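Worksheet for the structure shown next.
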There are 4 protein chains.
Amino acid sequence: MTISEPQATREAVLDAALAVFTEHTYGGAAMSVLASRAGVAVGTIYRHFPSKEALGNAVYRRWKVQLGEHLFDDADAGSIRAEFGRIWRGMLRFAAAHPDAFAFLELQQHGSYLDAESVEVTRRIEQAGAAFVVRGQQTGEIRDGDPAVLVALVYGAFVGLAATDRAGAGLDEGRLQLAEDAVWDMLRAR
Amino acid sequence: MTISEPQATREAVLDAALAVFTEHTYGGAAMSVLASRAGVAVGTIYRHFPSKEALGNAVYRRWKVQLGEHLFDDADAGSIRAEFGRIWRGMLRFAAAHPDAFAFLELQQHGSYLDAESVEVTRRIEQAGAAFVVRGQQTGEIRDGDPAVLVALVYGAFVGLAATDRAGAGLDEGRLQLAEDAVWDMLRAR
Amino acid sequence: MTISEPQATREAVLDAALAVFTEHTYGGAAMSVLASRAGVAVGTIYRHFPSKEALGNAVYRRWKVQLGEHLFDDADAGSIRAEFGRIWRGMLRFAAAHPDAFAFLELQQHGSYLDAESVEVTRRIEQAGAAFVVRGQQTGEIRDGDPAVLVALVYGAFVGLAATDRAGAGLDEGRLQLAEDAVWDMLRAR
Amino acid sequence: MTISEPQATREAVLDAALAVFTEHTYGGAAMSVLASRAGVAVGTIYRHFPSKEALGNAVYRRWKVQLGEHLFDDADAGSIRAEFGRIWRGMLRFAAAHPDAFAFLELQQHGSYLDAESVEVTRRIEQAGAAFVVRGQQTGEIRDGDPAVLVALVYGAFVGLAATDRAGAGLDEGRLQLAEDAVWDMLRAR
DNA sequence: AATGAATGAGGATTCATTCAT
DNA sequence: CATGAATGAATCCTCATTCAT
């Protein structure tokens, strides 16, 4: 019943990796820097992850999955508009609670080191988004057309908004409301 | 009637740099790969650009400026909606004509190697976008609220759309019309 | 009872550096040559010294300090002439025991890579020499005049002598006695 | 009967080479820097000297020969002491008139790029010095012993003095007289 | 499990030299 | 004769990975 030390080390490495990758880019982050940030020796990292690439993928998946859970976890309650609000504010909450993680996910989106499983995680989220759009189209609340395009537009808009925020422009309540309204108008029928 | 050699070499290097940076990331691109792609020796690159960083900035600026010219060059003719259409299709034309360049600009947006002048070029384009939004707000055609937020949403949406396209999903006429209509609905008043 | 490894590696690198710097000049010595001479990989050198410059300074200081200890370590016993003999033969012993080190010190005397601390080490030795001269001037055994000039003449003469030796001319007992006598006559009053 | 342009270019290159070699070291001096200092193109240097090494040797010989002429040119007039004075002040005049050249000669003394002819020039000067010493020994004015050793001591002392001067300590009339007297006492019999 | 010294391939950059103009 | 763009081998340094302790 001892504290699971190895698990704790693994967590420490993942946390340090997120911070260092976000700060220096995956390619620009040295394992030694990462190790000292995690408070372990370089060799120790290799006990938990077979390579830098594997570590990068582990970080990516860990957070991409969490982002997905933030968006589509609970049952659909109420109207499509209400559901959109929940999704949108879920993204907002995630980006606010884990700005490093969100920035990392965007920056590494096209990281050449991402493996099939990581890509799959990404695809699942996009599909969940598309499923929501299709549902809305069936009720007539969301405009017709390729759901993938609409998902791309909405997610892109959100990323643009988050980038603005990261760049220093504070996002107050008014701006957040403006954004949500505008994006919903992009999505909704009519 | 020969082409001025040094200038031609410089162009070849800039072209190769765009291709290789887009393919491998700025950080992941080796100067030697870049050189052989350009058909010159490594040393030759350094006769034209003092460092990899300078080369990266030159590529960034060259295309960011061109993107800007695609968007806001000609006089504003007609309604705000028409102007929006021109800007949107300008982005579309640019992304279609120079997909590498567009991808590079997005990926390197936050490249830590970008210098003050490169950042300034970016800022100027964003300001031109904001100016357009303000004009539309004054005529009542564009919804009220912080222009920077609206610009971020629109540009983000476009980037998302372009990423989808790059990922393999073809963008036919219908999808393009859908995107333009949806984004305009995000922007317009009411 | 094993020898502490890292320390041993450090020593091996310092020794190899002295040999290679002396043979090829600081500027002309490639780190790769130095590494193989030390029997380690290039990267290993950089675990012990942050840069070639730092290594050069470490070698310089290591030996300059030793030279200083050879000259001025023990208490002054007997006359000024006896003390001069001790200093002179101290230099001789040092140059004979560590010909590489002595040659290196001379050649790199004005190395532009020497940092403040290295220059300080040099200055301390010159000051010890000047202090000896002043003492001799106070007892009337050494000629009057700027001690710095006299130190420069004596040390210069010694360097010239050592260079002759290195050039191949053997220095037998007779020649050494001649040199010591001559240099003392340069120094002494009257 | 035109002005011999090529000769003038050659001179300009030799002058620039002296300056740049002294400032940056033979090894540290780039041909391109040298070229722009001389006001010619890099390629032009190679019309006059087959390689950097040849240029280095040309500079070395040009000045070493001049130094020799400063020392031993005119007929021996008067006593050995007077002749010593002439030689010593000849060195002084040379070092004062061409400090760059003197520094260069010392620094490059052991330059591995010096070829046989350059070494021969050096040897001739040392021999002239030895011949003077022998003459003095025959008249009983200079102490007995290996002339090479005495020449090394005297020349070494002079180099030490010049180094002191270059290091910033001004050499006024008093100091110069002190040095000459002291060095003569090193040389003279008794 | 953890450590951290050692490795060496690989990267950015320099520079003597060549040669077409 | 002069030019200077081009070359590519060589340099310093970094960093993912291994392995003896």
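Of the listed requirements (1) within 19 Å of D:Glu180 (Cα to Cα); (2) assigned to a helix (DSSP H, G or I), C:Gly174 misses just one: (1).
Applying a threshold of 7 Å to beta carbon distances and a minimum spacing of six or more residues, or different chains, the list of pairs starting in the range A:87-108 at a residue that is modelled with pLDDT of 90 or more and ending at one that is among the acidic types (Asp, Glu) and surrounded by fewer than 21 Cβ atoms within 10 Å (Cβ to Cβ) reads A:Trp88/A:Glu180.
Out of the residues in the range B:68-122 meeting the condition of being among the polar types (S, T, N, Q) and closer than 23 Å to A:Ala162 by Cα, tell me which one is surrounded by the fewest Cβ atoms within 10 Å (Cβ to Cβ). Applying the filter and picking the extreme gives B:Ser112. If the condition is being more than 17 Å from the chain's Cα centre (by Cα), surrounded by 15 or more Cβ atoms within 10 Å (Cβ to Cβ) and away from DNA strand F (no atom under 11 Å from the Cβ), then the range A:6-34 contributes A:Thr9, A:Arg10, A:Ala12, A:Val13, A:Ala16.
Under the condition of being β-branched (Val, Ile, Thr) and closer than 16 Å to A:Gln109 by Cβ, which residue from the range A:35-74 is farthest from the chain's Cα centre (by Cα)?
Residue satisfying both the conditions and the ranking: A:Val59.
When restricted to residues that are of a type outside the set (Gly, Ala, Ser) and more than 8 Å from every other protein chain (Cβ to nearest Cβ), the range C:152-170 contains 2.
With the condition being within 16 Å of DNA strand E (Cβ to nearest atom) and charged (D, E, K, R), I'd like the helices (runs of 4 or more DSSP H) fully within the range C:1-102 carrying at least 3 qualifying residues. Correct list: C:5-24.
For the range A:92-103, indicate whether the set of residues that are within 27 Å of B:Leu176 (Cα to Cα), at the interface with chain B (Cβ under 10 Å from one of its Cβ atoms) and touching a helix residue (DSSP H, G or I) at 6+ places or on another chain (Cβ under 7 Å) is non-empty.
Restricting attention to the range A:92-103, the residues satisfying the condition of being within 27 Å of B:Leu176 (Cα to Cα) are none.
No: the range A:92-103 contains no residue that is within 27 Å of B:Leu176 (Cα to Cα), at the interface with chain B (Cβ under 10 Å from one of its Cβ atoms) and touching a helix residue (DSSP H, G or I) at 6+ places or on another chain (Cβ under 7 Å).
Scanning the range A:157-190 for residues that are free of Cβ contacts under 8 Å to residues at least 60 places away in the same chain and open to solvent by less than 10 Å² (accessible area, probe 1.4 Å) turns up A:Ala157, A:Leu161, A:Ala179, A:Ala182, A:Met186. Just a yes or no: is a residue in the range A:75-91 farther than 30 Å from A:Thr139 by Cα and either within 16 Å of DNA strand F (Cβ to nearest atom) or within 19 Å of the chain's Cα centre (by Cα) (or both)? No, every residue in the range A:75-91 fails to be farther than 30 Å from A:Thr139 by Cα and either within 16 Å of DNA strand F (Cβ to nearest atom) or within 19 Å of the chain's Cα centre (by Cα) (or both). Across the range C:125-144, a minimum of one residue is classified as surrounded by 18 or more Cβ atoms within 10 Å (Cβ to Cβ), at pLDDT 95 or above and within 8 Å of chain D (Cβ to nearest Cβ).
Would you mind stating whether C:Gly68 is at pLDDT 90 or above and touching a helix residue (DSSP H, G or I) at 6+ places or on another chain (Cβ under 9 Å)?
Numbers: at pLDDT 90 or above: no; touching a helix residue (DSSP H, G or I) at 6+ places or on another chain (Cβ under 9 Å): yes.
For C:Gly68, the condition - at pLDDT 90 or above and touching a helix residue (DSSP H, G or I) at 6+ places or on another chain (Cβ under 9 Å) - is not met.
Yes or no, residue by residue, for (1) on the phi > 0 side of the Ramachandran plot; (2) part of a helix (DSSP H, G or I); (3) aromatic (Phe, Trp, Tyr):
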residue	(1), (2), (3)
B:Gly145	yes, no, no
B:Val149	no, yes, no
B:Val154	no, yes, no
B:Phe158	no, yes, yes
B:Ala162	no, yes, no
B:Ala179	no, yes, no
B:Ala182	no, yes, no
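Here are the criteria: (1) open to solvent by less than 60 Å² (accessible area, probe 1.4 Å); (2) modelled with pLDDT under 95. Tell me which single one D:Thr44 does not satisfy. Of everything listed in (1) open to solvent by less than 60 Å² (accessible area, probe 1.4 Å); (2) modelled with pLDDT under 95, D:Thr44 misses just condition (2). Residues of the range D:6-28 that are more than 14 Å from every other protein chain (Cβ to nearest Cβ) and touching a helix residue (DSSP H, G or I) at 6+ places or on another chain (Cβ under 8 Å): D:Pro6, D:Thr9, D:Arg10, D:Ala12, D:Val13, D:Leu14, D:Asp15, D:Ala16, D:Ala17, D:Leu18, D:Ala19. Summed over the range A:54-91, residues that are closer than 22 Å to A:Val183 by Cα, in contact with a Leu (Cβ under 9 Å, 6 or more places away or on another chain) and among the small types (Gly, Ala, Ser) total 1. Just checking, which of C:Thr9, C:Thr44, C:Thr22 is of a type in the set (Val, Ile, Thr) and closer than 17 Å to C:Pro99 by Cα? C:Thr22 is the lone residue from the list that is of a type in the set (Val, Ile, Thr) and closer than 17 Å to C:Pro99 by Cα.
Go through the range B:111-126 and report how many residues are touching a helix residue (DSSP H, G or I) at 6+ places or on another chain (Cβ under 9 Å) and without any contact (Cβ under 8 Å) to a residue 60 or more places away in the chain. Before the answer, list the steps.
Initial filter on the range B:111-126 (touching a helix residue (DSSP H, G or I) at 6+ places or on another chain (Cβ under 9 Å)): B:111-115, B:117-118, B:121-122, B:124-126.
Checking the rest, the ones that are also without any contact (Cβ under 8 Å) to a residue 60 or more places away in the chain come to B:112, B:114, B:122, B:124, B:126.
Matching residues across the range B:111-126 total 5.
The values are calculated or read from the model by the stated rules, or taken from the named source; none is laboratory data. A quick note: this is a predicted structure, and the numbers were derived from the prediction, not measured. Glycine gets a Cβ as well: all are built from the backbone with ideal geometry, and neighbour counts include every protein chain shown. Each accessible area value is taken on the protein alone, full model and side chains, heavy atoms only, with ligands, DNA and RNA left out. Shrake-Rupley method; radii C 1.70, N 1.55, O 1.52, S 1.80 Å.
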